[in-house]
Each structure stands twice: as C-alpha cells, then as structure tokens.
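Here is the structure we will look at.
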Amino acid sequence: MRRPNFITIWDRAGLAVVVLSSWAVFAIFAEGFTSKFNVFSVGRLVSILIVVGLAQTVVMGIGDINLSVGAVGGVVAMFFGWLVAPTQLGTAGLASGAPQDVTALPGLGINWQFAFILALLFGAALGFINGWLIVRSGLHGFIVTLGTMGVFSGSMYIITKVKAFRNLPEGFLGFGKMKFFDLLSPLVFIMLGVVVFLFFFLRSTTPGRQMLASGANRRAALASGINVNRIVISTHMLSAALAGLAGIMLAARIGSAIPTIGTGGGGDWLLPSFAASAIGGTLFTGGSVNVVGTMFGGLLLGTVENGLNLLRVPGFWVQMITGLVLLLAVILDRIRVVAVERSRMGAAQ
Amino acid sequence: MDQERMVPEAQDQAGSTTTATLPPGREANGRPLLEMQGIRKAFPGVQALDGAELTLKAGEILALVGENGAGKSTLIKVLTGLYQPEAGEILIEGMEVRFPTPRDAMKHGIAHMPQERNLIPYFSVGENIMLESLPRGRFGLVDYDRIHREARGWLDMLEVQVESRASVDDLSIAQRQLVEIARAISREGRILVLDEPTASLTPHETETLFGVLRRLRDQGVGIIFVSHKLEEVFALCDNIVVLRDGKNAGNKTAIAEIDRDGVVTRMVGRAPVTQELPERTEGRGGPILELQHVNTSSGGRDISLTLHQGEIVGLYGLVGAGRTELARAIIGIDKVTGGQVLVKGKKATIRSVKSALARHRIGYVSENRKEEGLIQMLPLVSNVSITIWRKLQNLVGWISSRLERKTVQPFVERLEIKAPSLNTVVASLSGGNQQKVSLAKWLAAGVDVLIIDEPTVGIDVRTKANLHELIWELVQRGLGILLISSDMPEIVRLADRILVMRRGEIKGEIANDHDYEKTSELIMGFIH
Amino acid sequence: MRLNLRSVVRAEAFVLFIVVLLGATALSLVSSQFLQTFNIYVLLYNVALSTLVAFGQMVVVATGGMNISLGAIGGLSAVVAAMLMEWHGWPLWLIIPVVLLGGTLMGFINGFLTVKTGISAFVITLAMASAYTGASMAITNANPIYGIYESVRSLGQARIGVFPWPAVATMVVMAGLATWFHRMTSGRQVLALGGNRTAAELTGVPIGRRVIQAHVISGLIASIAGFLTMARVQAGAPTIGNAWLLPGFAAIVIGGVLLEGGKITIVGVLLGVAILELIANALAISHTDPFFVTLLQGALVLVAVILGQARRRMMAKGRVRPLGALPSTEPRAE
C-alpha cells in the first residue's frame, strides 16, 4: 500500500465526506428528508442509479463506453414484463363493463424469480451483440453502441407498440414495496450485492483482472497472452446484464414495465451513468475503476436529486447539476493525473 | 516563388560557394551558419546527448552518422525545436537562438524532413508539399492551381512521376518519401535537415536526390544528412560528424581524409571495459526453436534459424531490418505466411501470444516497455503475475493475494528488482527495474524460450551489466534465448552465435568468440 | 477541377447517389402519394433541416472529436429566440444575431474546455449538453413557448412549389462549409490536424485554435438548425434537438465521413441525409410504425461503419506496409 498522506486519504474518503455533508445540509433544510418514507424511497432511487452507474463503470474499465445502457435497461425490463405478465388481462380493478386497459399488454405468466434470471441472460445476450460488433469491426464502442441503442429501443417500441406490462405478479410487486426494518428496500441489498461482487470480481478473479489489464494497456495485455477480444465481449455482456438488472429494479420500483424505462420516464440514464462513474474516480481512459467510488457517486447524485425535489427545485436543475458535477469531476481528475505524472517525471530525472 | 533559384547557374562549379549566389545577409559576419555547442539532453534512465557539438557552414553537406541510439535523432530534434536541451547553445550566424516549438525553428530557416511518416492522409501530393503556407488567391481563398503548379516544380526537380493532384494515400512508399523530401526542400530553408531520406528509395531516385542536394549546396544551403548507408555518405557529403553515446566521436572530418573503416571504428568505438562473464558450465542442449524458410506477413523473407536449449542467439541489424517483426511473427502477433516453425522438434502453428505461452512456452520481452511490455498503471505484483493468474486461482476462481505475492516474491528477489513494495506502481520504477519486471513475468510463466528485444535501451551502464549477468544466468539454467539488440558491444558480449538481418532477410551468421573488434568488423561487413 | 467519368463513378458519393435515385424511383412507382407536391416539399424540408444537424456534427468529427451537445445547443437557441419574442418583444433583426451569437458562444465553451483541459470532446460535450438543456428547461419551465412572431411562422411555411424557403439557409451553410474546408487555410488545417495531428503540428498548424474554431462553427450551425426548427414547429420547445444525435451520426457515417477525423464529404453527407429521409418518408406514406425510423437509423449506422471498415481493410491489404511506421529504438521521452 502506498503511504497514506492527505491526498490518498482524500482520494478514498473525500467523496464519502461530500455525501455525508450533503445529507447534513438536506437534513437541516429539506423538510421530510430524514423521514422513514423518504429514506426508503431514496434507497430505491439510489440503488437503481448505482447499478446503472456500475453498468457504465465496467465498460469504462476496458477504456470503452456504452451508450446503450438506457436502451438495454428498457428492453430488458420490457422482456421481463412480458415473461411475468399474466396471459390474460384481468379486468379486476376496472369498473365492470369498462373497456379493457388499452395500454396494457398480455404476457407469458412465468414465475417471476425464474423470469428474473432469464431477463438478465437476455441482457447479457444484448451485450454480446455490442461486444461482438465492436470486436469484429474494430470500431470504438461509441459508434457501435450508438447504433445498437437505436436498434434495441426501436425494435422494442415497434414490438410493444409503446404499451406497458402493468398487471405484474403480486409477488414481484410485493418485492418492490417490501421494507426491511421499515426503512430499507430489498433493492438496496441487491445493489450492495452487486457492489461487493464487482469489487472482488475486479480485484481477485482472472477475468476481472484481465479486464482491467486490457483497459489499462490493450497492447501489453495482448502481448502478455490475454485474449483481449474475449474480454471486450464479456465486459459488454456484464455491462448489459447490469443495465438490465437496473431496468428490472426500476420496474419493481414503479410497479410496471413501461417502454421508456432507461430512456425517457425516469430521465435518460446515459448522463447519470457517466457522472456516477466519473465522480467515483473511474477513468474514461480505462484500466482504473472504482466500484465503491461509483457507489458513492450514485449516492451523491441520488441524494441531491431527492433533496432538491423536497426543496421543490424543478427536476431540470438536477440534470444541469449532474452535468456540471460530471464536468467538475473529470477536470479535477485530470488535474490530479497531470500532477502525479509531473511528480513522477521529476523523480525519474 | 522564385524557382529559378534552384536552377544551377551555368558557370557555377560544384563545391564552390560563391557568395554571389547567396541571398543577402548570409555569412555576413563570417560565423558559421549553424553551431550547436555542448548540447545535453536526458531521458529517464539515459543521457541521450552528453555535450554533443556540430558546426555547419553555408554550402556544406555534413554527414551525421552513428549507431542506433547514438543520439543522432535526439540532436536533430533539438535542432528542429521538438526537444528542449537541458544545456548547451544553438547559434545561427553567431547569434544565439532558442526554439521552443518547431515553428520557431522554421522561422530561422531550418527545413526538416523527419524520419517518421509525416504526410497528411487524404490530402493531395501538392497540398502536402505546400502545406506550411498554402498560397492564396482571390478573396484569400486557397489557390489550388498555384499549389499544384508550384508543387509540380518541386516534384519535377526530384523527377517524381506522380500527379500533384493525386492523393498521398495512393502513392508507393518510395513516392511518399520523395514527397516528404520535396516538402522539406520547398521550404527553401538555409539549413536543410534530412533524416534517413533514402531509406526506401531506388539507386536512381537516390542519385537524382543527390544531384538536387549538390545544387542546393552550391547555392549556399547548409545540409545535414543523416544516414545509415555509409556508401551514400561517402558519395555525397563534404564532411562527417560521428556521434557515439551522445558525444562526438572525433572532430568533424573532411570526407576525403577518412575511409570507411575509420568511420566504422568511430561508430562502434571500443568495447566498454566490463567484467568477464563467468564460463557457462551447462552445455547447449537440443534445438528448441527452429524456423525453416519462414516468410512473414510483416516482410520477413526466407528466414531460417535454430535456437538450442542453453544458448543465446543474437539477432543484430539496423532499425527497420525486421527483427522485431520476426519476433512478433514467432509469438503469433503477426502472421507466418510460409515455411515451418518447429518447437522442440514438433511442427507448431502459433496464432496468438496466448498459445505461444500456454502451449509452446515461448515468451517475448518487448522492446517497447511502455506501450507493450508493461501495464504502467498496475502494481509490480500484477505485472509479474499477469501471465499466471489462471494458475493462481482456486476452484471458485478466486485469486488469493497472499498466494500471488508468495509466488511473485522469489522472482523479485532473484532478479533483484528494487521497489518499495510489491504494490508499487511500475510506472514509478526506474527503467532497469521495469525491464526486470517484464523479464520476471515470463520467468514466472515458466517459459523455455525467451525472445528478448532490445533489453537495455534507455538503461544506465550499471543496470545494464546487471541485466547481462541475469540473461547469462537464465541460459545457464537451461533457457534458450533469442536476443535482439542494436547494441553491438552487448550482442558481442552475450551471444553464442550472431545472425545479421537486413531488410527482412538474414544476411549472415557469425560464430561469436567475444572478440569485440573482430566480430564487430564482421557484423559491419554484412550490413554496410 | 477536371471531371472525368471514371473518377465520378469511383467516388463514394456516386454509390450513395445511385441509392437515392433508385429509392426515389421505387417510391414513386409504388406510391402515388410520393410525387405529390406537398410530400416532396415535406421531404425537402426534412432533408434541409437534417442536413444542418449532420453538418454541425461533421465539423467537429473532422477534428477527430464529436459534439454530443449539438441538440442541446439547438434547443436552447430555439428557446431563447422564442423567449425574446414572447416576453421581450425584440425585433427580429436583433433576435437572429443574438441567437446565432449564442450558438457560437456555446460552441466556444465546448471547444475551449476541450482544448484547455485535454479531456475528450465526448465527455465535455456530454456534460455541457446537460447544462444547456437544463438552461432551456429553466427558461421555459419545461413548456413550449408559443408566442412567436407571425413573420417567423410564415417563414416556417414559406415555399415555392416544392422548395421550402428555409432550405436557403442550408444551402448557404453548405456553400460556406465547402469553401471553408476546401478553399480556406483554416479549414484545410482542421482537416490536416484531424488526419495527422503530429504532422500538422510540425507544419505549424495552431492545433488548439483550430479545434476551438471547429466547435464554434458547429455551435453556430446548431443554432441555425434550432431557429429553423422552431419556425417550423411554431413553438420554442426545449425538446427541439433531443433526438439529433443518432440521425446526425447516421448521416455522416453513411456519407463516408471518417470518425477518426481528417476526412469529410459534404455531398456524401447530403446524400446520407437524403437516404435517411427517403426511408422516413416511405414509412410515413405507408403509415408504418414511426419507431422503425429509429431502428433503421441505428441499423444503418452499424452497416455503414462496418462496411467502411471492411473497405478500408481491403484497401490497406493492397498496399505495402510503410517502412516509416516501423518502431524506432532511439530513446524516447518517457
């Protein structure tokens, strides 16, 4: 371990300090911020945001980007909805004689836990398409995922005719509303599970380490006997599976699978995914990811969003602030990298 | 632009520098056109220039020669504003000047043809030549007719048969090189610097170029000609400056007063006094890597070589001879397109580094530590264990960092890698230690054949000796090593046999008896 | 320049031209609606606006960068113009320069930050996009502003036969870009630095200034496109420009612009837009699900870039490997 000094400590703990201070500020000024219900709803919001951020973080780890996180999230959520929605649309809840809900779609009525697994595999399959196209064409992820973003969401809109899967099974809806200690959603535990898994995956497993090595220096990784192509594909699969997971989590939160998950409804995922990663210290140039950082990044973004909502600040300010925070984060990181390089050059001479 | 200036005047005799043809102001104060004095420039781990000097008069063609890494290119880059020297001064006509950017060097009339490829893709030949100041016509718009007309003049001068309007992407390599030369000449500088201008030219094209350069000289231009081809130096240049280890080897000498052998002696010098390496006790074993008439996708032709267990085969050649390309083909980065590769007597097809390593136990220590050898932002321990992560993981795929450190530690000790800890980021290690790390990762992987490419470039003398002993010891332990080096003393010191490569072919083999003067003369014989 | 038939046929744009021609012919045979004056007018109008968007993207791509904030600049420009009309009643001759100046200013901010921080244009413009969009939302409170002048409304509808008057702006921008990229030193230098940054630097190209300039022009074009879109939809909606990213990139990659920078084609981009708009038009005529447009745009991006890549690989195979590209063993600054 490097010798701890102010900078390395700030590197590790600075973000946590910022998050805690934002909590303190909102606790004082925003009425209801500390209420049990608000903590519960912030927990759900933040968990989804963090998983979206992690979907981007892993791809940034190999020095690539994934513009299709939102599209994949929406498509996987809809796929999940299709699997679990009842085969016949019930008329329960509608006034007798009223026309059937025209915006709802029937599904397959599969057990939701099983469907959950299938949906994640489906997400990974979409990621395989991204990764395979990138590897075969030798192009950057930007343009490939820009294209697949259009293809994925376009096909989904066409297939679903922009209708939603509403009558999701009770078990799943209950899962979304479940509270532990009257305070925490199970989504928080899913998120924590993903964070812990990724943390150790990237640190202590061969594929995880090979991902980071490929991101840090593709040529050196190749020259060290790593199958970089396979790494690129599996990273995109992981990213898409995470985006899909976030989509299902959002469906659990809002209680239905709607097509605009990831791209419209809850705001576009693209910006927050980059912002959470960059705030957390993950580099756009690859090789250096900070899973815990992304968690705190998402926590900060979610807290600020919720706090501003409570203060009745219109939602678009949140988007603006997210963008500016992203800008600030990358500029600060850049300054740090340049400073480190300078001191290294100085030491070498 | 007055192209007439380029046409030699009828009465002008070659070699005479009649001031009448010089633009006003040239050599006004009787000082040489260019003086570089006591130039020093260091890179991490290496003193590239250590008080180098150079004087150029108007109307002189000066040869600048030296072995790979002698500092020629660095000196040129200092002169053209790409590098800033740490010490020393540059004077033009006795006035001290500084070139913070290439633009400033240009302003002082220095025209440069760099060694690297330097054309703008998708642009026409003419525009590439005239790019520095595109002529403008009406409304300040770029005047293409004038561009192509003027470019035509420069192309005709060099007898280049390409359309000025053609895209540079459609040109052959020789044509591209000629376009770059035309660009440098078109700048009409007082000082013309050509870095390996003839590398891909035919003899006829070279002769035409020389004619042009002589004419320019007669008009008072000072020309610095950097080349590996000594015969060209003798055919063209008036004087010669030899660099070795960043210093001048001997003073500037008139070309008539020195012969080939004299130049070669200055270039290679004497072998540095180093301790004798101990006698190796293990003899050489059976062949472990054989190439039979191998052709490669990267230009290797009909290459045959055999490497035995417990043997060091040296591969010498100039930059661009195709040695690195051969190594990359052996380990599966580039393709072997013909012939056979045998590993331990069995025919082998190696398609990736992964299979070279896992199936055939061949490793490659890249010459390019920074971009290919190491992952600079990762810690030492990961850079060594990268080749064995799969072996270290347990049943559930977990890599215990204790086991990892325990595995890596012995290699760090054996190679005497000096680092604060195993978690130190390799970027902060010295060049020598970085090189040892890139050796260590292959040793950890347990290879039988190691291809080592330029192991000591940019490494200081003490560490260099240390690395030599290390390589020696590895062979003693039974590895077969293919040593690629442009460092003559190094290859003579280490190799059992030396193969000399030139333009993708093996030109000759020398059984090395470690007698520096004799062997270096033999090697030079194959190259020049 | 001399034209000969062979070079015309060999040109990439020629293939696109044939595609457009065949597509239009097929459409006119299949559907009687296609050749109706109003439909052609709508088609040309769409082409004119989309071409502006594609050009705005192309200018930055020429440097090897990209502009994610193109739509945000367009949206903010539209909103500001509408705001100045409804709330402040400024005269039009003042509003237009102010809006265009705003676009160039936003472009300048993008370029300045990209150059000064050394961070990729993608990240900078992604972040700035949210700032610009946030500003439009804040101004309008997320609702469109409808109080735009009658003169602007009629501009949005103005046409002679099939020709929409706003297309004049597109033609002016096209001529301007053609002049800049092909006939002006600064435009040539932008392409040079996109093609080979080091070489461009060695010939004295002021890299930073040229990159900023490209961003400025991109911002300017985005604000023109934003203003014209506002005139067309008759409202200053903050959502104008929301969906400019995909079609912009689709048009330029179909047209043959290299994403690495250094190579543009104005005619190619125009034809790329024409192909996209013909498809959209066909879908509209046949009352097909409009989301097919998104799907096809995405698919065409993939097809275009993969074909382009394959073509370049084939061309590279036919060539010898340049000797100058071999690695040098001279010590490098580390």
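The values are calculated or read from the model by the stated rules, or taken from the named source; none is laboratory data. What you see is a predicted model; the values in this text were computed from it and never measured. Cβ sites come from the backbone with ideal geometry, for glycine too, and all protein chains shown count toward neighbours. SASA here: full protein model, heavy atoms, side chains in, ligands and nucleic acids out. Shrake-Rupley method; radii C 1.70, N 1.55, O 1.52, S 1.80 Å.
If I ask for residues that are hydroxyl-bearing (Ser, Thr, Tyr) and within 14 Å of chain B (Cβ to nearest Cβ), which ones from region C:198-234 would you list? Spell out the reasoning first.
So in region C:198-234, the residues hydroxyl-bearing (Ser, Thr, Tyr) come out as C:198, C:203, C:218, C:223, C:229.
Once the filter is applied, which keeps residues that are hydroxyl-bearing (Ser, Thr, Tyr) and within 14 Å of chain B (Cβ to nearest Cβ), region C:198-234 yields C:Thr198, C:Thr203.
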Any residue in region B:419-436 that is more than 9 Å from every other protein chain (Cβ to nearest Cβ) sitting within a Cβ distance under 8 Å of a residue that is of a type outside the set (A, V, I, L, M) and in a loop (DSSP other than H, G, I, E, B)? List the pairs, counting only those 6 or more apart or interchain.
B:Val426/B:Gln376; B:Leu429/B:Lys418; B:Gly432/B:Gly45; B:Gly432/B:Asp460; B:Asn433/B:Lys418; B:Gln435/B:Pro455; B:Gln435/B:Thr456; B:Lys436/B:Glu416
B:Glu371 versus (1) surrounded by fewer than 19 Cβ atoms within 10 Å (Cβ to Cβ); (2) more than 27 Å from B:Ser200 (Cβ to Cβ); (3) of a type in the set (Asp, Glu): which is the lone unmet condition?
(2)
Are any residues in region B:231-251 out of contact with any Leu (no Cβ under 6 Å at 6 or more places or on another chain) and on the phi > 0 side of the Ramachandran plot, and if so, which ones?
B:Asp245, B:Gly250
Which numbered condition A:Val304 misses (of (1) buried (at least 24 other Cβ atoms within 10 Å of the Cβ); (2) of a type in the set (A, V, I, L, M, F, W, C); (3) farther than 29 Å from A:Val162 by Cα; (4) away from chain C (no Cβ under 13 Å))
(1)
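Scanning region B:25-43 for residues that are under 18 Å from the mean Cα position of the chain (by Cα) and not basic (Lys, Arg), which turns out modelled with the lowest pLDDT? Lay out the reasoning, then the answer.
First, pick out the residues of region B:25-43 that are under 18 Å from the mean Cα position of the chain (by Cα): B:41-43.
The next check asks that each one be not basic (Lys, Arg); those that pass are B:42-43.
Numbers: B:Ala42: 84, B:Phe43: 77.
If we take residues in region B:25-43 being under 18 Å from the mean Cα position of the chain (by Cα) and not basic (Lys, Arg), then B:Phe43 is modelled with the lowest pLDDT.
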Residues that are modelled with pLDDT under 90 and crowded, with 20+ Cβ neighbours inside 10 Å, drawn from region C:258-279:
C:Leu258
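Can you pull out every residue in region A:309-331 that is open to solvent by 30 Å² or more (accessible area, probe 1.4 Å), in a helix (DSSP H, G or I) and of a type in the set (Val, Ile, Thr)?
Looking only at region A:309-331, we keep the residues that are open to solvent by 30 Å² or more (accessible area, probe 1.4 Å), and these are A:309-315, A:317, A:319-321, A:324-325, A:328, A:331.
Pick out the ones that are also in a helix (DSSP H, G or I) and you get A:309-310, A:315, A:317, A:319-321, A:324-325, A:328, A:331.
Within region A:309-331, A:Ile321, A:Val325, A:Ile331 meet the criteria.
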Do we have A:Thr282 as open to solvent by less than 20 Å² (accessible area, probe 1.4 Å), assigned to a helix (DSSP H, G or I) and either hydroxyl-bearing (Ser, Thr, Tyr) or within 14 Å of chain B (Cβ to nearest Cβ) (or both) here?
no
Taking the criterion of being free of Cβ contacts under 8 Å to residues at least 40 places away in the same chain, among the aliphatic types (A, V, I, L, M) and part of a loop (DSSP other than H, G, I, E, B), would at least one residue in region C:113-129 satisfy it?
yes
Could you grab me the full set of residues in region B:477-507 that are among the β-branched types (Val, Ile, Thr) and closer than 25 Å to B:Glu282 by Cα?
B:Ile481, B:Ile484, B:Ile491, B:Val492, B:Ile498
I want to confirm something. Restricting to region C:247-257 and keeping residues that are outside any loop (DSSP other than H, G, I, E, B) and open to solvent by 10 Å² or more (accessible area, probe 1.4 Å), which single residue is nearest to the other protein chains (Cβ to nearest Cβ)?
C:Val253
Output for Cβ contacts, cut-off 8 Å, separation at least six or different chains, first residue more than 14 Å from B:Asn295 (Cβ to Cβ) in region B:319-330, second assigned to a helix (DSSP H, G or I), reads B:Gly320/C:Leu323
Please enumerate the residues belonging to region C:235-246 that are within 9 Å of chain A (Cβ to nearest Cβ) and either open to solvent by 20 Å² or more (accessible area, probe 1.4 Å) or of a type in the set (S, T, N, Q) (or both).
C:Leu245
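If you check C:Ile95, C:Ile119, which single one turns out to be open to solvent by 10 Å² or more (accessible area, probe 1.4 Å) and at pLDDT below 95? Break it down stepwise before answering.
On the way: C:Ile95 fails: open to solvent by 10 Å² or more (accessible area, probe 1.4 Å).
Result of the check over C:Ile95, C:Ile119: C:Ile119.
This table checks each residue for (1) farther than 30 Å from C:Met137 by Cα; (2) of a type outside the set (Val, Ile, Thr); (3) in contact with a helix residue (DSSP H, G or I) (Cβ under 7 Å, 6 or more places away or on another chain).
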| residue | (1), (2), (3) |
| --- | --- |
| C:Thr51 | no, no, yes |
| C:Ser77 | no, yes, yes |
| C:Ala82 | no, yes, yes |
| C:Glu86 | no, yes, no |
| C:Val99 | no, no, yes |
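Here's the yes/no breakdown for (1) open to solvent by 30 Å² or more (accessible area, probe 1.4 Å); (2) within 24 Å of the chain's Cα centre (by Cα):
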{"position": "B:Arg402", "(1), (2)": "yes, no"}
{"position": "B:Ile417", "(1), (2)": "no, no"}
{"position": "B:Thr424", "(1), (2)": "no, no"}
{"position": "B:Ser430", "(1), (2)": "yes, yes"}
{"position": "B:Leu479", "(1), (2)": "no, no"}
{"position": "B:Glu490", "(1), (2)": "no, yes"}
Any residue at all in region B:287-299 that is of a type in the set (S, T, N, Q), surrounded by 20 or more Cβ atoms within 10 Å (Cβ to Cβ) and under 30 Å from B:Arg117 (Cβ atoms)?
yes
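Which of the following residues is closer than 30 Å to B:Arg117 by Cα, at pLDDT 85 or above and either within 12 Å of chain A (Cβ to nearest Cβ) or not in a loop (DSSP other than H, G, I, E, B) (or both): C:Ala304, C:Ala284, C:Ala316, C:Ala310?
Working: C:Ala284 fails: closer than 30 Å to B:Arg117 by Cα; C:Ala316 fails: at pLDDT 85 or above; C:Ala310 fails: at pLDDT 85 or above.
Result: C:Ala304 is the single residue among C:Ala304, C:Ala284, C:Ala316, C:Ala310 that is closer than 30 Å to B:Arg117 by Cα, at pLDDT 85 or above and either within 12 Å of chain A (Cβ to nearest Cβ) or not in a loop (DSSP other than H, G, I, E, B) (or both).
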Filtering region B:62-72 down to residues that are open to solvent by less than 30 Å² (accessible area, probe 1.4 Å) and over 12 Å from B:Val241 (Cβ atoms), which residue is farthest from the chain's Cα centre (by Cα)?
B:Glu67
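Here is a yes/no grid of residues against (1) more than 19 Å from A:Ala216 (Cβ to Cβ); (2) of a type in the set (Val, Ile, Thr); (3) facing chain A (nearest Cβ under 8 Å); (4) free of Cβ contacts under 8 Å to residues at least 12 places away in the same chain:
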residue	(1), (2), (3), (4)
B:Glu372	no, no, yes, yes
B:Leu378	no, no, yes, no
B:Ser385	no, no, no, no
B:Trp389	no, no, yes, yes
B:Gln393	yes, no, yes, yes
B:Val396	yes, yes, no, yes
B:Arg402	yes, no, no, yes
B:Val408	no, yes, no, no
Would it be correct to say that B:Thr306 is hydroxyl-bearing (Ser, Thr, Tyr) and touching a residue at least 60 places away in the same chain (Cβ under 8 Å)?
no
Take the residues in region A:105-122 that are touching a Phe, Trp or Tyr at 6+ places or on another chain (Cβ under 6 Å) and not small (Gly, Ala, Ser); name whichever of them is farthest from the other protein chains (Cβ to nearest Cβ).
A:Trp112
Within region B:502-523, does at least one residue satisfy the condition of being in contact (Cβ under 8 Å) with a residue 12 or more places away in the chain, open to solvent by less than 10 Å² (accessible area, probe 1.4 Å), under 20 Å from B:Arg266 (Cα atoms) and in contact with a Phe, Trp or Tyr (Cβ under 9 Å, 6 or more places away or on another chain)?
yes
Wholly within region B:73-178, which helices (runs of 4 or more DSSP H) include no fewer than the required count, namely at least 3 residues that are open to solvent by 10 Å² or more (accessible area, probe 1.4 Å) and within 11 Å of chain C (Cβ to nearest Cβ)?
B:102-107, B:144-157
